[in-house]
Structures are given as C-alpha cells and as structure tokens.
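Presented below is the structure to which this report refers.
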Amino acid sequence: MTKVTRRRFLGTLGAGAATLTLWPGISAAATGSETRLLVLLLRGGLDGLHAVPPYGDPDYARLRGPLALAPDSAQPASKLDGTFALHPALAFAAQLFGRGEFMPLVAVAPPYWGRSHFDAQDCVENGTATPYGAQTGWLNRAAAALAGADGLAIANVMPLMMRGPANIQTWSPPLPMQVNPILLQRLEPLYGEDPQLAAAFANALQSQGQGESMNDMQSGGAAGSNDAMEQNVPAGKAGTLPGRLPALMKAAGSFMAGADGPRVGFVEDYGWDTHANEAAILGRKLKELDDAFAAFHGAAVAVWPKTVIVAVTEFGRTAAINGTNGTDHGTGGAMFLAGGAVRGGRVGGKWPGMAANQLFEQRDIRATTDLRAIFKGILTGHMGLGEAVLAQNVFPNSGALAPFDGLLRA
Amino acid sequence: MAADQSYAAATAANRFGLGIRPGENAVLNDPALWLAAQLRAAPDGARTFDGLPTSFDYMQREVEFYRRRNQRKGAAGVKKGAAEPSQVNALRESYQEAFGADLRREYLARWTIAADTGTPFAERLVRFWSNHFAVSTDKLRARLYALPMEREAIRPHVNGRFFDLLLAVQTHPAMLRYLDQGQSIGPDSRAARRVAERADGAPARKRGLNENLAREILELHTLGADSGYTQADVTEFARALTGWSMPVVAPQRLDPGAASGGAFLYREAAHEPGVRTILGQRYSDDGQDQARAILADLAVHPATARHLAGQLARHFIADQPPPPVVQRMAQAYLDSHGELTAMYQALIHSPEAWAPQGRKFRTPQDFIIAGIRGGDVAVGTNPRLWEGLLMRLGQPTFQPHSPAGFTDVASDWIAPDAIWKRVQVAQALGERVPRTDLDALARATAVLGPHLDAPTRQAIARAEAPGQAMATLFACPAFQWRI
C-alpha cells in the first residue's frame with residue numbers, strides 16, 4: 001500500500017477532470033433537429049476597425065495610420081466587399097465567409113454608450129438598457145424560455161449572462177496556462193519598481209517569448225497552453241501550443257454536438273483591451289479567435305448546420321489611434337456571426353462613416369444597431385422564441401426594438 | 001483609521017496571518033490584540049478534521065492488508081520473490097483506492113481550514129512547525145502519515161510547551177518512518193543478540209543502529225547546526241532512541257505488538273541497554289523514558305531557544321531578522337521554561353516586527369492561500385487543483401525532499417520561471433473569484449491596505465474584466481510580499 005504513489009494519487013484525483021462525460025449520451029452522433037446557439041463574449045473591447053477594416057471609407061487610412069489594413073497591405077486583409085475587409089489572421093473565418101457561413105456586423109453596441117468596461121459588459125450580459133439593470137442574464141432567461149433546454153457556460157464561475165432560473169452547467173479546463181498579454185502589459189511597470197523582483201520579471205518575459213511582445217511582437221507569436229497542470233508543458237513558448245480560447249471552444253463544441261447536448265452555450269475570453277501595441281496583440285488574439293471558430297467547427301460538425309455562434313464585445317474603440325500605437329475605449333464596434341445557420345457571406349449593419357461629423361462625440365464609431373436587436377433576431381428565427389417573450393422576459397422593456405432581420409438562412 | 005493603525009492591520013493580516021479575507025474586520029480594531037487572542041487556545045479547525053481516520057486507523061488497515069495479502073499468497077502457494085498472483089494485485093488496488101480517497105480528504109481539509117480559519121496567525125504557526133518538523137512524502141512509507149501528523153502531533157501543541165510538541169512529533173509514525181527510526185536496533189539489544197544467535201556464526205543480516213532521527217533532532221529540530229554537539233552525542237542519542245517504533249515498522253514487516261493499541265510502539269527488545277551521556281549529561285537506562293528525558297533537556301537548552309527564535313523571527317519578520325528580537329524571543333522562551341506562547345508574545349510585542357518597510361516573500365503556499373482568501377475563492381471538493389498549482393510553483397505539500405523542509409528566504413523563491421508561473425496562477429485564481437457584487441478595487445484596498453500604491457490601483461482599475469482585475473491584484477508585486 002505504500003504504492004499510493006504521487007502519480008497514482010493525482011491520477012485518482014484527476015479522473016474525469018477533463019472528460020466529456022458531463023452530458024449523458026454525448027458519444028452518439030447528433031440526431032436531434034434542435035438548433036444550437038453559442039455566445040462568445042470578448043471582454044476588453046475588440047477593435048472592430050482593426051478586425052473588420054473599413055478600407056473603403058475615405059477617412060479610415062488617415063485616422064488609423066500604422067494600424068490601417070487593406071486588401072493591398074503588406075499583410076493583405078481579406079476583401080469582403082467594396083468597403084470592408086477582414087484581418088489576415090481571420091483566415092478560417094474568411095473561408096466561412098466564402099461559404100456563406102460567416103457574417104461580420106459593424107457599428108453595433110449595447111444600449112449603454114459610456115465607455116466603462118464593467119458597465120458595458122454588465123449591460124451586454126444583463127440584456128437591459130442599463131448597467132446593473134437586472135441580476136440575471138439574458139441568455140439564461142432565453143434558455144429558461146426554451147422548454148427543457150439546458151445551458152452550458154465554459155467558465156469557472158457563473159458569468160452574469162448565464163445567471164438566472166434556467167439550469168446551466170459550468171465546465172472549465174483545469175488551469176489556463178496562457179497569460180493574457182494585456183495583464184503582462186499592466187504588470188510590467190509595477191514590477192519595474194520593485195528592486196527585488198524587477199530583474200526576475202523582465203527575464204521571465206524574455207524567456208517566455210514575450211520579451212518583445214511589449215514592443216514589436218509579430219502576429220501569431222506567443223501562444224500558450226491550457227494543459228492539465230500536472231503536465232510539465234513549458235507554457236507560453238512561442239507558437240508551439242494551441243491557445244486558451246480554441247481549447248475552450250473545442251470543449252464547447254464537443255458538449256453541444258451531442259444529441260442531448262446543451263442548446264445554449266457561453267464562452268468568454270479576455271485580453272482585448274488594446275491601449276498599446278495593438279497590431280501585435282490583436283494579431284495574436286485574432287489568430288486565436290480564428291482558431292477558436294475552427295476548433296468549434298471541428299468538434300461540432302454534426303450540429304454545425306444548425307448552429308449560430310455570436311461573438312460579441314462590450315464596445316468598439318476610438319476611430320483614431322492614440323500615442324502608443326493602440327486605441328482607447330469607444331462606442332460602436334464589430335461582432336461576428338458564424339455557423340451553418342447564418343446567412344453569411346456579407347457584412348451586416350449600417351455603416352455611419354468616419355468623417356468628423358459622423359463620429360460619436362467626434363471620436364468613436366456611432367452605434368447604429370443595438371446589440372439586443374441582433375440577439376432578438378437570432379432568438380426568434382433560430383431558437384423559435386416569440387417576440388412577446390423576448391420583449392418582456394429576455395430583454396425587458398424592449399418592445400420598441402424590432403428583431404434584426406435577415407441574419408439567418410431560410 | 002490612522003495611518004499607523006492601517007499599516008498595523010495589514011501587517012497583522014498579511015505578515016502574521018494568511019492574508020485578509022473580505023469582511024474580516026476584527027484585525028482592524030486592534031491588530032496586536034487580534035494576534036495575541038489567537039495564542040490562547042488551540043487553532044480553529046477541529047470540526048474541519050472531524051471524521052478523518054487516525055494514524056492508528058491507518059496503521060490497522062496496513063496490518064490488515066499485510067495479513068490478508070500473506071493469506072492469499074499462502075493460499076496460492078506463492079514462493080518468496082515470485083510474481084504476485086492477480087488476486088493479490090486486486091487486493092492491493094482496493095487498499096490503494098481507499099487510501100487514495102482518504103488522502104484526498106486529508107488534503108482537502110487542509111485547504112479548507114486555510115481558506116476558512118478565523119485564527120490565521122495560529123494556522124500559520126501550525127504550518128511553520130510542520131515545516132520545522134518536515135517529513136517528505138516522497139519517502140513512500142511515511143506518505144500516509146504526514147498529514148495526520150500535522151493534525152495529531154502539531155496542531156494540539158502549537159500554543160503549548162515545545163517539549164510536548166517535540167515529543168508528539170518524535171513518537172508519530174510519520175517521523176519515525178521518515179527518519180528510519182522504527183528499524184533502528186541497539187547493537188547489544190536482545191533483538192540484535194537473537195539475530196546473531198539465529199545466524200549461528202554466519203554473517204548476520206545487517207541490522208543495527210540508525211542515527212538518522214537522532215541527528216536531525218539535534219541539527220534541525222532542537223539545538224541547530226553548529227551549536228556544539230558532537231558525533232558522539234549523535235550516536236549516544238541514537239542508542240537512547242532505540243526501541244522507539246511503531247506497530248508496522250516497514251512494509252512487509254509486522255511487529256507482534258501490532259495489536260497493542262497505538263500508532264507508537266516501544267519495542268523493549270530493540271532498546272540498547274545502558275547509561276547514555278549526551279552534552280555531558282548522564283541519562284540512566286529507563287527504557288523508553290531515557291530518550292524522553294533527553295528530549296526534555298534538549299527542549300529547554302539555550303541553543304534550542306536561539307535556534308527556534310531565529311527561525312520564527314526569520315519566518316515572520318525578515319530573512320535577516322534583527323538580532324535583538326531573536327534575543328528577546330529566546331530569553332522569553334527560557335524564562336518560561338519552554339512555553340511557545342512566551343516566544344510568540346515576545347515576537348508580536350517587538351516593534352521591529354511591525355516595521356512597515358519589513359517584508360517577507362510569500363512562499364507558493366502562502367501566495368495561493370492569500371489568493372483564495374482575498375478572492376473569496378471556493379476551495380471546492382477536489383484538492384487536486386490546488387496541489388497541482390503548488391507543485392507547479394515548486395512547493396508540493398509535504399514534499400520538501402529534505403528533512404530541512406522548504407526554504408524560508410526570498411532569494412530561493414524569486415526566479416524568472418517562478419514569477420511567470422505566479423502570473424499564470426494569479427490568472428487562474430482571478431477567474432475563480434465570484435463575480436456577484438465584486439468591486440475589485442475595493443477588494444484590492446481591503447487586501448493590500450496602505451500598500452496599494454497609485455500605479456497598482458490604476459492597473460487594477462484599468463483591467464478589462466473583474467476576473468482580470470483580480471488577476472492583476474494577485475500578480476502585482478505588492479501581493480507577492482507579506483508586508
């Protein structure tokens with residue numbers, strides 16, 4: 001009995017930690033006809049102008065300077081139409097676009113336009129017109145309205161969007177080993193001031209392949225792993241391991257692909273708050289996002305034709321770049337729909353333009369579409385919820401806001 | 001709150017405690033009193049450990065396993081050294097599974113008490129003494145007993161006499177097995193003579209004195225290295241300790257006294273007869289009381305007082321603690337004839353211990369516990385996550401790989417890879433902080449007190465999500481220190 005070795009101990013403890021046994025019957029091929037909806041919340045404020053560059057807008061190149069992208073850039077963006085392109089890192093998404101299964105929407109925002117991360121995210125999640133307007137999340141209330149539909153949140157703690165009366169399972173991988181580059185950016189000056197820790201921190205950045213990340217990291221550079229903690233994988237080595245988000249999306253896809261799998265899912269990511277050195281950071285983050293779409297697709301082929309993925313963020317960023325090759329908190333931003341049920345292959349939303357008099361408060365893209373209208377459009381057509389339920393329960397007091405039309409295949 | 005008072009509260013909670021928990025306000029009113037009150041009774045936790053098996057229970061199950069295994073082997077006609085038949089393997093696996101489940105409960109209870117305790121200073125003392133009397137579970141036959149030793153031998157005596165603590169540890173199966181005491185046999189004992197007679201002139205199987213425990217008691221547990229004892233003292237002490245053992249000496253060797261009723265067993269036959277002389281002091285042969293008398297003298301030896309005071313001061317105040325504090329602590333200990341609380345009182349009443357510029361680097365264990373407490377993170381039901389994090393950070397619970405325990409100075413823990421992993425762990429912790437009503441900035445203020453400087457505050461305020469704000473708090477330099 002002294003052979004209760006450490007490995008065995010951990011092995012026993014770890015049994016089932018990362019298996020897909022949460023949902024009974026998951027191994028069977030999906031035979032159900034039920035549709036699937038996954039919401040991916042990108043916390044931090046994705047810069048829509050960098051992800052979906054409006055290269056055709058006459059003011060874009062001037063305002064964006066070195067951050068401007070176009071189909072004829074050194075790293076060419078994928079041309080979507082005469083006005084918009086897609087960041088080169090979003091290669092799989094561009095393929096989906098070609099198949100009509102991917103749709104960027106521009107100039108969208110929650111009804112809150114105040115530029116605070118927390119307030120804006122709260123609003124995106126609670127589904128009302130104001131931050132802290134509800135204690136539960138709209139996606140949970142939508143799941144509750146779908147008789148018998150369970151939900152899945154890929155998170156350690158229940159996110160607001162999934163809180164509420166409906167039954168939601170949570171799942172998360174044991175330990176995210178990838179470090180948020182924005183977190184490193186925030187820590188760097190703090191460590192610089194601690195004489196005992198400064199050198200160790202600087203060396204850590206260097207040896208983890210992040211040393212140049214603060215200055216001129218190339219796109220697709222450092223990635224990380226989210227392997228189980230007992231695996232001695234060197235975390236964060238450049239480009240050798242899949243990122244955190246793809247792993248989460250793969251897990252979500254595996255769960256949701258089951259015949260009895262959850263119909264409603266939620267995944268969250270962070271690290272999108274690009275105040276400095278944006279080209280490098282977004283190059284990496286958008287690659288991760290692209291890999292995440294591919295990972296979900298690969299894991300959920302069986303239900304892909306009945307799936308809508310909604311990737312959404314709390315706000316867009318300033319039209320002009322700031323003094324540190326980044327952008328600050330803005331208003332109107334971009335979102336993405338992906339999946340076989342999406343009527344994609346085109347850019348949605350109403351573009352307000354980037355001329356000084358077209359900008360909101362002369363600095364941000366004006367939001368022309370309320371995010372809730374998009375959500376409503378998907379919940380009616382795709383999930384079969386009635387407009388009355390949506391206007392009262394899911395998005396309280398939103399009767400005046402019509403569901404956005406034409407997002408889905410007939 | 002006055003500035004001095006807020007520094008004092010932060011010091012009490014972080015330097016002496018396990019890191020502040022939201023809503024833990026008692027420390028704020030009178031930080032010194034808050035500490036002193038924790039020395040008056042046993043530390044919190046009795047209920048957390050309710051229902052866990054005792055070391056004696058574990059040992060009985062070991063005995064039972066060997067008995068059943070030998071029965072099965074006999075029934076199958078297995079010769080010594082031959083491969084074990086499948087029914088023996090099955091038996092082994094069923095016992096391993098049961099012990100594995102118990103170990104999980106042991107580890108979980110230890111994390112739970114760290115997260116929940118209302119007497120964090122006392123809990124820190126428990127862990128200090130656990131590390132002082134380090135056993136390492138990479139010694140397989142000590143594995144089952146390391147966690148019970150903390151519950152059974154250390155926790156009850158942490159606020160008592162050092163001698164009681166010392167005796168409880170040295171008679172615990174974890175220490176007896178870890179430092180090979182159970183097998184030590186006096187060269188002139190009855191047991192040794194029996195072996196020699198049986199060998200009948202042929203070279204006897206080599207069994208005899210083992211000095212391991214005696215040496216570590218002198219060097220690590222009591223007097224300290226370079227305190228003047230000699231190799232002769234070590235050998236004499238080892239002779240006195242012969243016979244101190246346990247019912248299951250080592251796997252596959254049962255003692256006939258196994259049913260005697262406790263996890264400690266004095267084996268008279270193995271005891272080396274005779275008077276012993278240690279540090280110039282003679283000890284008559286009183287059987288098991290001989291070594292006990294030696295421990296009693298060692299416990300109140302001035303060198304022991306200096307050694308313990310130096311280690312405690314290093315643990316709580318600074319890597320290079322001010323000599324006057326160490327001196328005062330040692331003196332208080334001697335004046336009280338070995339009361340640990342006298343030494344603790346001298347520590348917390350030393351102005352040097354409260355100096356705002358003093359700081360200790362958080363060990364990985366401290367770091368994770370402070371994160372769990374500061375973030376109100378649920379420990380959950382599976383300790384694997386936390387044990388895995390500790391292993392990544394280089395401080396696997398009860399695996400210091402050395403009887404000296406884990407190091408207690410900053411330079412040993414500060415390395416680029418270690419810092420990087422802390423950031424990773426900070427992120428993992430941040431994601432586990434419950435978000436309902438979470439105000440990260442208010443939390444950071446509560447956790448760091450006056451040590452939350454403007455740049456750190458700003459970095460936390462700028463985080464893009466509450467979990468990331470908490471990760472920033474846990475990863476920031478100030479959080480790496482017990483200040």
When you go through B:385, B:389 one by one, which is the residue that is facing chain A (nearest Cβ under 8 Å) and either on the phi > 0 side of the Ramachandran plot or at pLDDT below 90 (or both)? B:385
Hits in region A:18-56 - residues which are at pLDDT 95 or above, in contact with a Leu (Cβ under 9 Å, 6 or more places away or on another chain) and in a loop (DSSP other than H, G, I, E, B): A:46, A:47, A:52, A:53, A:55
Close pairs (7 angstrom Cβ cut-off, 6 or more residues apart or separate chains): under 19 Å from residue B:47 (Cα atoms) in region B:118-134, of a type in the set (Phe, Trp, Tyr) anywhere: B:121/B:16; B:124/B:16
Identify, by number, the condition in (1) assigned to a helix (DSSP H, G or I); (2) more than 15 Å from the chain's Cα centre (by Cα) that residue A:295 doesn't meet. (2)
The residue that is modelled with the lowest pLDDT, considering only those in region B:415-471 that are among the polar types (S, T, N, Q) and either surrounded by fewer than 23 Cβ atoms within 10 Å (Cβ to Cβ) or over 22 Å from residue B:380 (Cβ atoms) (or both), is B:436
Only one of (1) at pLDDT below 85; (2) under 13 Å from residue A:280 (Cα atoms); (3) in contact with a helix residue (DSSP H, G or I) (Cβ under 6 Å, 6 or more places away or on another chain) fails for residue A:178. Which number is that? (2)
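Each row is one residue, and each column tells you yes or no for (1) closer than 16 Å to residue B:132 by Cβ; (2) buried (at least 19 other Cβ atoms within 10 Å of the Cβ).
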residue: B:309; (1), (2): yes, yes
residue: B:313; (1), (2): yes, yes
residue: B:316; (1), (2): yes, yes
residue: B:331; (1), (2): no, no
residue: B:352; (1), (2): no, no
residue: B:359; (1), (2): no, yes
Could you look through region B:392-403, keep only residues that are at the interface with another protein chain (Cβ under 9 Å from one of its Cβ atoms) and touching a helix residue (DSSP H, G or I) at 6+ places or on another chain (Cβ under 6 Å), and pick out the one that is surrounded by the most Cβ atoms within 10 Å (Cβ to Cβ)? B:392
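From A:109, A:129, A:142, which residue is more than 20 Å from the chain's Cα centre (by Cα), at pLDDT 90 or above and away from chain B (no Cβ under 14 Å)?
On the way: A:109 fails: more than 20 Å from the chain's Cα centre (by Cα); A:142 fails: more than 20 Å from the chain's Cα centre (by Cα).
A:129 is the lone residue from the list that is more than 20 Å from the chain's Cα centre (by Cα), at pLDDT 90 or above and away from chain B (no Cβ under 14 Å).
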Subset tally (residues that are under 15 Å from residue B:464 (Cα atoms) and among the aliphatic types (A, V, I, L, M)) for region A:120-137: 2
2 or more residues without any contact (Cβ under 8 Å) to a residue 24 or more places away in the chain and outside the structural domain of residue B:413 (by TED's automatic domain parsing): qualifying helices (runs of 4 or more DSSP H) within region B:286-337: B:288-299, B:323-335
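Look at residue B:394 and say whether it is assigned to a loop (DSSP other than H, G, I, E, B), under 18 Å from the mean Cα position of the chain (by Cα) and touching a residue at least 24 places away in the same chain (Cβ under 8 Å). Don't jump to the end; show me each part of the working.
Details: assigned to a loop (DSSP other than H, G, I, E, B): yes; under 18 Å from the mean Cα position of the chain (by Cα): yes; touching a residue at least 24 places away in the same chain (Cβ under 8 Å): yes.
Yes, satisfied.
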The correct count of residues that are in a loop (DSSP other than H, G, I, E, B), surrounded by fewer than 19 Cβ atoms within 10 Å (Cβ to Cβ) and not hydroxyl-bearing (Ser, Thr, Tyr) in region A:69-105 is 10
Kindly check whether there is at least one residue in region B:433-444 that is in contact with a Phe, Trp or Tyr (Cβ under 6 Å, 6 or more places away or on another chain) and either within 22 Å of residue A:197 (Cβ to Cβ) or within 12 Å of chain A (Cβ to nearest Cβ) (or both). no
Residue among A:223, A:257 that is more than 8 Å from chain B (Cβ to nearest Cβ), buried (at least 20 other Cβ atoms within 10 Å of the Cβ) and at pLDDT 85 or above: A:257
Quick one: residue B:150 ticks every box in (1) surrounded by fewer than 22 Cβ atoms within 10 Å (Cβ to Cβ); (2) among the acidic types (Asp, Glu); (3) in a helix (DSSP H, G or I) except a single one, so which number is it? (1)
Given the conditions (1) modelled with pLDDT of 90 or more; (2) surrounded by 21 or more Cβ atoms within 10 Å (Cβ to Cβ); (3) at the interface with chain A (Cβ under 9 Å from one of its Cβ atoms), every one holds for residue B:126 apart from (3)
Only one of these is surrounded by 13 or more Cβ atoms within 10 Å (Cβ to Cβ) and at positive phi: B:45, B:51. Name it. B:45
Within region A:170-180, is even one residue more than 26 Å from residue B:387 (Cα to Cα) and among the small types (Gly, Ala, Ser)? no
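Condition check ((1) closer than 30 Å to residue A:61 by Cα; (2) surrounded by 20 or more Cβ atoms within 10 Å (Cβ to Cβ)) across all residues:
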residue: A:348; (1), (2): yes, yes
residue: A:361; (1), (2): yes, no
residue: A:365; (1), (2): yes, yes
residue: A:377; (1), (2): no, yes
residue: A:409; (1), (2): no, no
Has region B:273-280 got any residue that is modelled with pLDDT of 95 or more, more than 20 Å from residue B:189 (Cβ to Cβ) and not in a helix (DSSP H, G or I)? yes
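Residues B:474, B:479, B:406: which one is among the hydrophobic types (A, V, I, L, M, F, W, C), touching a helix residue (DSSP H, G or I) at 6+ places or on another chain (Cβ under 9 Å) and more than 11 Å from chain A (Cβ to nearest Cβ)?
One residue alone meets the criteria, B:406.
Return yes or no: is residue B:422 of a type in the set (Lys, Arg) and either within 30 Å of residue B:310 (Cβ to Cβ) or not assigned by TED's automatic domain parsing to the domain that holds residue B:373 (or both)?
Here the answer is yes, as residue B:422 does meet what is asked.
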Would you pick out the residues in region B:339-371 that are more than 13 Å from every other protein chain (Cβ to nearest Cβ) and of a type in the set (A, V, I, L, M)? B:340, B:342, B:343, B:346, B:347, B:348, B:353, B:355, B:369, B:370
In region A:180-192, the residues that are over 25 Å from the mean Cα position of the chain (by Cα) and more than 7 Å from every other protein chain (Cβ to nearest Cβ): A:188, A:192
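The values are calculated or read from the model by the stated rules, or taken from the named source; none is laboratory data. Predicted model, so just to flag it, every value in this text is computed and none were measured. Virtual Cβ from ideal backbone geometry, glycine too; neighbours counted across all protein chains shown.
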